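The values are calculated or read from the model by the stated rules, or taken from the named source; none is laboratory data. Remember, predicted model here, so these are calculated numbers, not experimental data. Neighbour counts are summed over all protein chains in view; Cβ atoms, including those assigned to glycine, are modelled from backbone coordinates with ideal geometry. Just the protein is used for accessible areas: all its heavy atoms, side chains included, with ligands, DNA and RNA removed. Shrake-Rupley method; radii C 1.70, N 1.55, O 1.52, S 1.80 Å.
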Amino acid sequence: MTKIDPNTLANIDDVTTEHLHLDLKVDFEKQRLIGSVLLTLKTLTEQVQEVVLDTNHLIINGVYDGEDSEKSLQYKFDEEDSKFGRALHITLPGSLSANQIVKVLVKYETTKECGALQWLEPSQTVGKKHPYLFTQCEAIHARSLVPCQDSPGVKITYSANIDTPAPLRALMSALRINEEPEIVGDSRIYKFEQKTTMPSYLIALVVGELEGREIGPRSTVWSEPAMIEKCAWEFVDTEEFIKTGEELLTPYEWGRYDLLVLPASFPYGGMENPCLTFVTPTLLAGDRSLVDVVAHEIAHSWMGNLVTTKSWENFWLNEGWTMFIERKIIGRMHGEPTRQFSAQMGVKALEADIDFFGQKDPLTCLCPRLRGVDPDDAFSSVPYEKGFNLLYYLEQHLGGASVFEPYMKAYVQHFAGKALCTQEWKDFLYAYMEKTHGQEKVDLLNQVDWNGWLHTPGMPPVENKFDQSLTHACTHLAKKWDEHREVPFEASPKDIENFTADQKVFFLEKVLETKPLPHNAIEAMDKAYTLTKVQNAEIRFKWQMVCLKTEYQPIYPEVAKFVVEQGRMKYTRPLYRALYKCPSGSQLARDTFIKNKSFYHPICSRLVEKDLGLVN
Ligand code: BES
Ligand code: ZN
């Protein structure tokens, strides 16, 4: 039998983890976490003799019987795998039969090589006074934070005691047990508990000078003190997003929904850590125009966190479903045309990524094979947008929202607390449609080109039709620029005065699709629309891409500035790649990266290094 998750070294078919308790001290001087994890394991088969845990760049200081910490257990490491780390084999006390509970205590510490952690010097924070630490475990970095069965199909509860130096505060993806630290000798301990089962990639920790502001009945936004007002203003819609999610699906399960706004090097837009979503400060546009990311992370409270993919090969079950729910939320709050608009932006992102990977690249399949592949290297919009398009297509094909929305809810109810793969998803879809609507819907499902959608590279087999009411003006204006490329027309600020930020992005996206514009057209566009000065990160990013596509050198210093001001991979990687691709920009791209390497999160740094051909 082939293992369901090719990206774990743990023996997840023999043993599973039920609970994980962390006791860690945060040591900023040595930039390490040191302490222990107590794993509560349950055997799944007869005669289980060992548990194999995932680890990556961790130092093990001893392994003990969890019931008797005097009693040490035998352990050994396998050879290190450069992508997946080192398997830690622990001999269990006695040979166990199925369904037995056994506890194992592992004393360990992290090292500088641990990819889940970014340690920031005071100079890398807004306040400049205190150091900062944050983790990012998705996809397979939890194993560099804690020895564990690092597979999304293993769903656990967890608790933690984090010893943190004053005056810093620790927060985790769990409920806070004490507001003020418990003082025990020299230790100041923050305690946490996550009572809802979740996968290891959702374990998260942040330690820094943090201030909180209440923004809703179950929500506090946290950030460094200097930005807290701005954050509280930007994210006021949070509660309405959650409520809309509850109307569409099931009651919110996790108790609290707090937000943490991270330092600029946070490599993602957002990360759905339960009870505490992490977001990039690039969302702080000052006009709430980028808060869709929060709706997205809230949608993960059901799709991903409650109903979880069993492996990274089925990652679309997390992200495709989340895009679908995010857009349902946006549609309910801002109207159907907004949802339709967002879907078209998604198609553009999908086209761009399929173009980047190549039409025939197997990683552009909705269900790619990831044996021997680091999921970070496979990351793209494919699971998001091909996944969204499959669900959108099914909704239309099966009779619209009145059929699909009840199904969505039933899906969450059925799989809540569980993990699943695409086959199980499909089986449930068939079973649900047959039970509630009969053979007619089964016949419709049988018409679906499943192989085309799930296992074929490139764009989806069916092109969905979306309402053009909000994209029309953008497409029209881009066309005008394309047609007048040699003889510029009288461009004026009026052309875009009624555009939303998203429409400006879409317009630039359409411009990017056409042949590179001559430099005088770029200059005319900037003069009319003042794009170089825009602070909105999405617009700024797209504009810089438009300029780099035509090797417009005056933009280079702006690009170099943007990529060192923030380290969100969505912007940083394409900008570095595009600058590097310009013959006159390659050296600047490499120099800028090398000089600022310590700014970036280890995940981002590794990928940009590859993008710039600095490593293989
Ligand atoms: N879960 C992802 C982030 C992620 C994916 C981290 C894979 C590590 C590996 C998160 O929910 C996400 O999708 N973020 C997007 C936001 C978006 C699509 C609105 C991002 O970071 O841009
Ligand atoms: Zn997501």
Given 197, 220, which one is over 26 Å from residue 334 (Cβ atoms), of a type in the set (Val, Ile, Thr), in a strand (DSSP E or B) and touching a residue at least 24 places away in the same chain (Cβ under 8 Å)? 197
Among the residues that make up segment 292-307, is at least one of them within 14 Å of ligand 2 (Cβ to nearest atom), touching a residue at least 60 places away in the same chain (Cβ under 8 Å) and hydroxyl-bearing (Ser, Thr, Tyr)? no
Segment 239-258, subset open to solvent by 30 Å² or more (accessible area, probe 1.4 Å), touching a residue at least 60 places away in the same chain (Cβ under 8 Å) and in a helix (DSSP H, G or I), residue nearest to residue 192 (Cα to Cα): 240
Residues of segment 547-562 satisfying the condition of being open to solvent by less than 10 Å² (accessible area, probe 1.4 Å) and farther than 20 Å from residue 284 by Cα: 547, 548, 555
List, please: which pairs have Cβ atoms under 8 Å, are six or more places apart or on different chains, and start with a residue in segment 604-616 that is touching a residue at least 24 places away in the same chain (Cβ under 8 Å) and more than 13 Å from residue 589 (Cβ to Cβ) and end with one that is buried (at least 18 other Cβ atoms within 10 Å of the Cβ) and polar (S, T, N, Q)? 604/265; 604/572
Tell me the residue from 343, 378 that is open to solvent by less than 20 Å² (accessible area, probe 1.4 Å) and under 23 Å from residue 451 (Cβ atoms), please. 378
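Give segment 60-77 a look and list any residue that's in contact (Cβ under 8 Å) with a residue 40 or more places away in the chain and either in contact with a helix residue (DSSP H, G or I) (Cβ under 6 Å, 6 or more places away or on another chain) or surrounded by 13 or more Cβ atoms within 10 Å (Cβ to Cβ) (or both), or say none.
Once the filter is applied, which keeps residues that are in contact (Cβ under 8 Å) with a residue 40 or more places away in the chain and either in contact with a helix residue (DSSP H, G or I) (Cβ under 6 Å, 6 or more places away or on another chain) or surrounded by 13 or more Cβ atoms within 10 Å (Cβ to Cβ) (or both), segment 60-77 yields 60, 62, 63, 64, 65.
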Considering segment 474-520 alone, what residues qualify as being in contact (Cβ under 8 Å) with a residue 60 or more places away in the chain and among the hydroxyl-bearing types (Ser, Thr, Tyr)? 500
What are the residue pairs meeting all of these: first residue in segment 259-274, first residue closer than 16 Å to residue 133 by Cα, second residue open to solvent by 10 Å² or more (accessible area, probe 1.4 Å) and near ligand 1 (Cβ under 9 Å from one of its atoms), Cβ atoms under 6 Å, and 6 or more apart or on different chains? 267/569
Confirm whether residue 360 is under 20 Å from residue 307 (Cα atoms) and either in a loop (DSSP other than H, G, I, E, B) or touching a residue at least 12 places away in the same chain (Cβ under 8 Å) (or both). no
Within segment 308-351, the residues that are within 14 Å of ligand 2 (Cβ to nearest atom) and either without any contact (Cβ under 8 Å) to a residue 60 or more places away in the chain or under 21 Å from residue 260 (Cβ atoms) (or both) are 318, 319, 322, 326, 329, 346, 349
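Conditions (1) within 16 Å of ligand 2 (Cβ to nearest atom); (2) within 22 Å of the chain's Cα centre (by Cα); (3) of a type in the set (Phe, Trp, Tyr); (4) open to solvent by 30 Å² or more (accessible area, probe 1.4 Å), marked per residue:
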residue: 181; (1), (2), (3), (4): no, no, no, no
residue: 204; (1), (2), (3), (4): yes, yes, no, no
residue: 211; (1), (2), (3), (4): no, no, no, yes
residue: 218; (1), (2), (3), (4): no, no, no, yes
residue: 230; (1), (2), (3), (4): no, no, no, yes
residue: 263; (1), (2), (3), (4): no, yes, no, no
residue: 267; (1), (2), (3), (4): yes, yes, no, no
residue: 277; (1), (2), (3), (4): yes, yes, no, no
residue: 283; (1), (2), (3), (4): yes, yes, no, no
Being within 13 Å of ligand 1 (Cβ to nearest atom) and at positive phi is the filter here, so list the residues in segment 293-337 that pass it. 304
Exactly one of these conditions fails for residue 371: (1) outside any helix (DSSP H, G or I); (2) crowded, with 20+ Cβ neighbours inside 10 Å. Give me its number. (2)
